[in-house]
2 protein chains.
Amino acid sequence: MKPIVECVPNFSEGRRQEVIDRIVTAMGRVPGIQVLDVQSDVDHNRTVVTLVGDPQAMVEAAFAGIVQAAELIDMDHHRGGHPRMGAADVVPFVPLQGLSLKDCAALARQLGRRVGEELGIPVYLYEAAASRPDRRNLADVRRGEYEGLREEIGRNPDRAPDYGPAVMGKAGAVAIGARPPLIAFNVYLNSNDAAPAQAIARAVRHSGGGLRFVKAMGLLVDGQAQVSMNLTDYRRTPIHRVMELIRIEAARYGLQVTRSEIVGLLPARALFDAAAFYLQLDGFSAEQVLENRL
Amino acid sequence: MKPIVECVPNFSEGRRQEVIDRIVTAMGRVPGIQVLDVQSDVDHNRTVVTLVGDPQAMVEAAFAGIVQAAELIDMDHHRGGHPRMGAADVVPFVPLQGLSLKDCAALARQLGRRVGEELGIPVYLYEAAASRPDRRNLADVRRGEYEGLREEIGRNPDRAPDYGPAVMGKAGAVAIGARPPLIAFNVYLNSNDAAPAQAIARAVRHSGGGLRFVKAMGLLVDGQAQVSMNLTDYRRTPIHRVMELIRIEAARYGLQVTRSEIVGLLPARALFDAAAFYLQLDGFSAEQVLENRL
């Protein structure tokens with residue numbers, strides 16, 4: 001099976017279309033790479049690009065995007081609603097097929113070394129590529145954001161980058177890492193009150209004592225209670241287990257699930273796993289799926 | 001999306017390996033065709049081949065297989081446990097992607113005309129390709145088998161073939177048709193008694209008053225009760241509905257489902273539909289599956 005990696009770089013520009021275009025074009029023209037999606041947010045002043053393709057080509061593409069971002073974005077003038085520390089802010093590699101999370105961590109280190117050495121930009125490895133346990137969590141790496149990190153980077157040895165100089169230019173610093181595919185999963189309840197959705201979100205999420213690879217919050221969407229989630233490792237915390245736990249917690253408030261939704265993309269295997277669970281399928285293999293044999 | 005058709009021709013030879021090889025080779029060497037599976041049964045004296053590929057190439061491949069079978073198999077000397085009427089006995093076209101059941105019926109007619117005109121073999125169109133309602137069911141088309149049809153074909157106008165002469169040679173006659181993908185689905189119960197499995201099979205199957213596209217029987221497998229099924233149109237009678245009906249019927253005997261299994265291949269969509277049902281996914285599209293975007 002041909003290895004295919006996903007890369008989802010986040011850039012600190014969501015307003016100037018010509019800048020966004022130049023960054024995306026620089027990445028998309030690398031042979032072996034396909035741009036699946038470009039989402040710009042004006043309030044966040046941030047753009048998230050989804051690329052898929054050959055692993056080595058992806059390192060080239062990500063590097064080309066970072067070069068453009070460093071050239072075109074001046075962090076001294078960047079304002080936006082989303083935490084950020086660099087022009088190219090976060091660059092995660094995600095295993096899709098024929099390669100592992102470890103392979104993706106190796107790609108992150110390879111890219112990180114090049115960015116540090118050739119561009120002189122401080123690089124922090126995070127999540128599955130992290131060099132230290134306290135750098136696994138992106139929020140910890142990005143603490144203080146561009147302005148705070150600029151002051152601290154040369155003074156606090158704890159914040160020394162994994163690659164590149166302990167000095168920040170106008171391009172800031174970049175977090176490069178590896179993570180499993182992320183699934184955005186929302187569940188709606190038959191209630192027009194946000195409070196039970198918030199209580200259920202607390203119950204199912206990792207930070208509240210719930211399932212390990214669930215981030216969740218409760219809110220009202222068009223007047224209906226919603227538990228909004230990111231599932232950060234669907235192999236170890238599968239969708240069906242999250243769903244069934246929500247049903248149980250909802251029942252405690254006399255509520256039921258009315259519907260759910262997947263926002264964006266997800267791997268086929270996440271749905272195969274859910275079907276196999278509910279249908280009690282034993283010995284099922286993805287090799288039994290016709291499309292995988294074509 | 002490139003159209004891909006499946007074809008599952010059944011040949012009346014399951015013992016002489018050199019004959020099987022020549023038939024399979026003749027089909028597999030057509031450019032644009034892939035042989036996924038070859039299953040020979042000695043008792044049935046029958047071989048089932050699964051091919052996938054380009055629709056027009058598939059008509060060529062099926063024709064090449066029928067030519068070989070007609071040349072190498074003499075139905076006057078064929079004995080076996082499975083009903084049959086010809087050397088090439090049944091040739092169904094199955095839509096996999098980018099084409100419809102109607103498109104497959106057109107392929108069946110195209111192949112049927114060629115087989116009738118060029119090979120002089122009587123052809124009966126069946127299922128979605130049938131020219132008359134009483135020829136939709138394969139068992140009706142094949143009534144009397146090779147020996148019975150040979151006597152009737154020239155005398156009974158009701159049994160006149162759709163293509164080819166109303167005369168049978170040693171290659172017999174062939175049924176050519178179109179049908180949706182078939183899913184072989186077995187459900188096990190916590191019982192060592194075949195009787196409740198048989199009662200549940202009667203309840204869920206079409207012939208017993210149950211779901212339209214379900215064929216089912218109850219039996220013991222390694223001492224465990226099993227409901228063994230063919231789902232003949234998973235879009236209209238989806239797996240989850242069959243499963244939930246079995247659960248309800250089993251509960252009436254105080255029994256539960258212990259596990260299930262898919263035998264052979266199934267389309268990804270059958271599992272996506274099951275996941276979407278149990279997870280109550282609204283607005284889900286196969287376009288959201290990453291692998292479909294690669």
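The values are calculated or read from the model by the stated rules, or taken from the named source; none is laboratory data. Everything quoted here is computed from the prediction, not taken from an experiment. Heads up, the Cβs are rebuilt from the backbone with ideal geometry, glycines too, and the neighbour counts pull from every protein chain shown. Heads up: the accessible areas ignore ligands, DNA and RNA and are worked out on the full protein's heavy atoms, side chains in. Shrake-Rupley method; radii C 1.70, N 1.55, O 1.52, S 1.80 Å.
Annotations for the structure displayed:
- Rounded to whole Hz, the Karplus (6.51, -1.76, 1.60) HN-Hα couplings of region A:270-275, x for glycine and proline: 4, 7, 4, 4, 5, 4
- Electrostatic bookkeeping for B:Tyr124 treats Lys and Arg as +1 and Asp and Glu as -1; over the other residues with beta carbon under 9 Å from its beta carbon, the sum is +2.
- Amide H contacts of A:Gln97 (H built 1.01 Å from N, in plane; Pro and chain starts excluded): A:Ile4 sit under 5 Å, all sequence-distant by 5 or more or on other chains.
- Accessible surface of A:Met217 - all protein chains present, 1.4 Å probe, nearest 10 Å²: 110 Å²
- Karplus-based coupling profile of region A:96-103, in residue order and whole Hz: 9, 7, x, 8, 9, 4, 4, 4, with θ = phi - 60° in 6.51 cos²θ - 1.76 cosθ + 1.60 and x standing for Gly or Pro.
- Cα-based equivalent ellipsoid, the protein assembly as shown: semi-axes from gyration tensor eigenvalues, Å: 57, 30, 19
- Under 5 Å from the amide H of A:Tyr124 lie the amide H atoms of A:Asp162, A:Val174, A:Ala175, A:Ile176, each residue being 5 or more positions distant or on a separate chain, with H modelled from the backbone and absent for Pro and chain starts.
- Karplus-derived 3J(HN,Hα), 6.51/-1.76/1.60, for each residue of region A:168-185, Hz, glycine and proline x: 10, x, 6, 7, x, 10, 10, 9, 10, x, 9, 8, x, x, 9, 10, 8, 10
- Within the shell of other residues whose beta carbon sits under 12 angstrom from the beta carbon of A:Pro267, the net charge comes to -1, with Lys and Arg scored +1 and Asp and Glu -1.
- Simple point charges give the picture: +1 on the Cβ of Lys and Arg, -1 on the Cβ of Asp and Glu, and for chain A a dipole about the Cα centre of about 600 debye.
- Neighbour net charge for B:Glu249 - beta-carbon separation under 15 angstrom, K R +1, D E -1: +3
- Shielding by other protein chains, B:259-268, mean Cβ within 10 Å: 6
- Heavy-atom accessible surface that A and B bury in contact, both chains counted, 1.4 Å, Å² to 100: 3700 Å²
- 222 nm mean residue ellipticity, helices alone, for chain B (DSSP H n ≥ 4; -39,500 (n - 2.57); rounded to 500): -10000 deg cm²/dmol
- Test item: Cα-centred dipole of the protein assembly as shown, Lys/Arg +1 and Asp/Glu -1 on Cβ, debye: 800 debye
- Axis angle, to the nearest 10 degrees, between helix A:194-204 and the longest C-alpha principal axis of chain A: 80 degrees.
- Cross-link reach list, lysines versus B:Lys102, counting only Cα pairs under 19 Å and skipping chain neighbours closer than eight places: B:Lys2
- Measuring gaps between exposed loop sites in chain A (trypsin sites (Lys or Arg not before Pro); DSSP loop; at most 11 other Cβ atoms within 10 Å), the longest gap, sites not included, is A:80-154.
- Amide H to amide H, with H built 1.01 Å from N, A:Asp89 comes under 5 Å of A:Asn10, A:Phe11, A:Ser12, counting only residues 5 or more places away or on other chains.
- Label point of B:Val221 set 7 angstrom out along Cα-Cβ; within region B:173-190, amide nitrogens under 17 Å from it belong to B:182-190.
- Dipole of chain A, positive direction: furthest Cα of A:Val174, A:Phe63, A:Ala106, with charges on the beta-carbon: A:Ala106
- Accessible area (Å², per residue) of region B:77-128, counting only protein heavy atoms and a probe of 1.4 Å: 38 Å²
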